[in-house]
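*Asks:* Before I ask anything, here is the structure I am working with.
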Amino acid sequence: MKKALISDWYYVNGGAEKVIHSINSIWNDFDHFALIDFLNEEDRKFILNGKKAKTSFIQKLPTVKKNHRKFLQLFPIAIEQFDLTDYDLIISSSSAVAKGIKVNKNQLHICYCHSPMRYAWDLREQYLKDAGLTKGLKGFYAKSVLDKIQKWDLSNSENVDYFIANSKHIAQRIKKTYNQDSVVIYPPVDVDFFGLEETKEDYYLTASRMVAYKKTQLIVEAFNGLPHLKLIVAGEGPELEKLQRIAKNNIQFVGYVENKKLRSLMQKAKAFIFAAEEDFGIIPVEVQACGTPVIALSKGGTLETVVENQTGIFFDEQTAEKIKEAVIHFGTKNFEPKIIREHAIKFSKQRFENEIKEFVDIKFKEHQQLLNTR
């Protein structure tokens, strides 16, 4: 069986890349494909076992490393130019265009879907607003590009034989967007790395890429109104400088921190604040594996990973005031770190790898039997 693993892109070590790492832990003979590959050597070793992905022409475009998303209109063309005709099994890891790879009837294509393409569907208006593309000729052009990508994305969903959703939340969106059924297999969490710490210190923590949809600004604004409470903010991104300007003295920015340092911050935090509406959200589970409770938005994947009043509490709107109220309410609660960790273990890396392997093996066997009857 000749196997190809295709991802949208490789440039950071995030949640999607942890999925790739686990798939490579099951099968180590994939050939890898992606629109771009800008991994550093440490991340490449972890995610791809040191291999390099075969990339598209987008890899060579000027300024692509700084901002690949500005070439969005070229993504469908680029992904369709990969020739995978020699492969028996294709697994795509997709939140954008990877699932749009061209396949034939003799190949089995399984898509691990992190989300239907956000730019084209649920975050379309926010994407246009954040890019300043709601008016004028540029706005008209951007909307026409997204219209075309939406049609392309819907059409190419038929290239997938089986969808795997990373949460029930995403399974519902796959059904709504593509009218396709899916099986839910939660992403892998390295619960062994994120060990239990029962002694907590007097600070709250948030950590993410500093981009608009993560809503870190709302967390900062909430703690601006709680000057007696300390907040540590970890991560880098285009919004960092703005957040540093508006933050008061009780908020500390630590920038990018390597894994062991971040783990230590998670382990000792009083609570972790999570304001984004994520498809799944691995970091809240990593935090819970440390025995640390989560204060999270009651939408998206966190509804499946956080148990209210047992492993954390929720707020129901993405506003600074609601976050502030939740933090105050959290101060009246007691949480048991051991119970929080026990819950997180359900999302272990080993569980993911067992479920993925079983699913792929069964579907490939069925596919081969079908081919033999033709």
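*Asks:* Net charge within 15 Å of LYS365 by Cβ-Cβ distance, Lys/Arg positive one each and Asp/Glu negative one each, not counting LYS365 itself? Please report the intermediate quantities before stating the final value.
*Replies:* Values: positive: LYS3, LYS357, LYS363; negative: ASP88, ASP161, GLU358, ASP361, GLU366.
Taking every Cβ under 15 Å from that of LYS365, the sum is -2.
*Asks:* If each residue's Cβ is checked for other Cβ atoms within 10 Å, how do SER144, SER7 rank with the fewest at the top?
*Replies:* Details: SER144 11, SER7 27.
In increasing order of surrounding Cβ atoms, one gets SER144, SER7.
*Asks:* I want the local charge near ALA53. Using Cβ-Cβ distances under 13 Å, sum +1 for each Lys or Arg and -1 for each Asp or Glu among the other residues. Please list the in-between numbers first.
*Replies:* On the way: positive: ARG44, LYS51, LYS52, LYS54; negative: ASP8, GLU17, ASP31, ASP37, ASP43.
Neighbourhood net charge equals -1.
*Asks:* Specify the angular offset, from 0 to 90 degrees and rounded to the nearest 10, of the alpha carbon long axis of helix 136-156 from the longest principal axis of the alpha carbons in the chain.
*Replies:* On a 0 to 90 degree scale, this one is about 60.
*Asks:* Further question on the same structure: Sort TYR119, TYR256, TYR127 so that the residue with the fewest other Cβ atoms within 10 Å of its own Cβ comes first and the one with the most comes last. Walk me through the numbers before you get to the answer.
*Replies:* On the way: TYR119 22, TYR256 13, TYR127 19.
So the ranking, lowest neighbour count to highest, is TYR256, TYR127, TYR119.
*Asks:* Quick one: the Cα spread of the range 204-347 along its three principal axes, in angstroms, biggest first?
*Replies:* Each principal axis gives a Cα extent; for the range 204-347 these are 39, 31, 28 Å.
*Asks:* Would you mind computing, in nm to one decimal, how far apart the modelled labels at LYS135 and LYS66 are, each placed 7 Å from Cα along Cα→Cβ?
*Replies:* Here the answer is 2.7 nm between the modelled labels.
*Asks:* Please report how far the C-alpha centroid of the range 69-91 lies from that of the range 328-374, rounded to the nearest whole angstrom.
*Replies:* 28
*Asks:* Measure out, as a whole number of angstrom, how far apart the alpha-carbon centroids of the range 186-206 and the range 119-142 sit.
*Replies:* Spelled out, the Cα-based centre of one part sits 37 Å from the other.
*Asks:* Taking Cα atoms of the range 145-246, Rg/Rh with Kirkwood Rh, to two decimals? Walk me through the numbers before you get to the answer.
*Replies:* Details: Rg = 19.8 Å, Rh = 17.7 Å.
Result for the range 145-246 is an Rg/Rh of 1.12.
*Asks:* Where does helix 259-268 land angle-wise versus the long Cα axis of the chain, in degrees 0 to 90, nearest 10?
*Replies:* Roughly 40 degrees between the two axes.
*Asks:* With a 10 Å Cβ neighbour count serving as the proxy for reagent exposure, in which order, fewest first, do TYR112, TYR10 appear?
*Replies:* On the way: TYR112 27, TYR10 23.
Fewest-to-most ranking of TYR112, TYR10: TYR10, TYR112.
*Asks:* Still on this structure, please answer the following. On C-alpha positions alone, give me the angle between the axis of helix 168-178 and the longest principal axis of the chain, in degrees, nearest 10.
*Replies:* Approximately 40 degrees, to the nearest 10.
*Asks:* Here's another thing I want to ask about it. Rounded to two decimals, what ratio of Rg to Rh does the chain give with C-alpha atoms and a Kirkwood Rh? Kindly include the intermediate steps, with their values, before the conclusion.
*Replies:* Working: Rg = 21.1 Å, Rh = 21.7 Å.
Ratio of gyration radius to Kirkwood radius for the chain: 0.97.
*Asks:* I've got another one for you. What is the distance, in nm, between label points placed 7 Å from the Cα along the Cα-to-Cβ direction at ASP31 and at VAL184?
*Replies:* 3.6
*Asks:* Taking 7 Å along the Cα-to-C-beta vector as the label spot, tell me the LYS248-GLU317 distance in nanometres, rounded to one decimal.
*Replies:* It is 2.1 nm.
*Asks:* Calculate, in nm to one decimal, what ILE345 and GLN126 gain on full extension: separation in residues at 0.36 nm each, minus their alpha carbon distance.
*Replies:* Numbers: separation 219, 0.36 × 219 = 78.84 nm, distance 3.45 nm.
Once the chain is fully extended between ILE345 and GLN126, it gains 75.4 nm.
*Asks:* Now for a different question. For a Förster distance of 41 Å, can you work out the FRET efficiency between the beta-carbons of LYS299 and LYS51, rounded to the nearest 0.05? Display every interim value, and only then the final one.
*Replies:* Working: r = 37 Å, r/R0 = 0.90.
After rounding to 0.05, the efficiency reads 0.65.
*Asks:* Quick check: from the Cα gyration tensor, does the range 97-210 come out rounded (a/c under 1.5), prolate or oblate?
*Replies:* Numbers: a/c = 2.94, a/b = 1.25, b/c = 2.35.
It is oblate, given that a/c is not under 1.5 and a/b is not larger than b/c.
The numbers here are math on the coordinates, done by the rules we state, and not lab data. Note that the structure is a prediction, hence the values are computed from the model and not measured. As a convention, Cβ positions derive from the backbone with ideal geometry for all residues, glycine included, and neighbour counts pool all protein chains shown.
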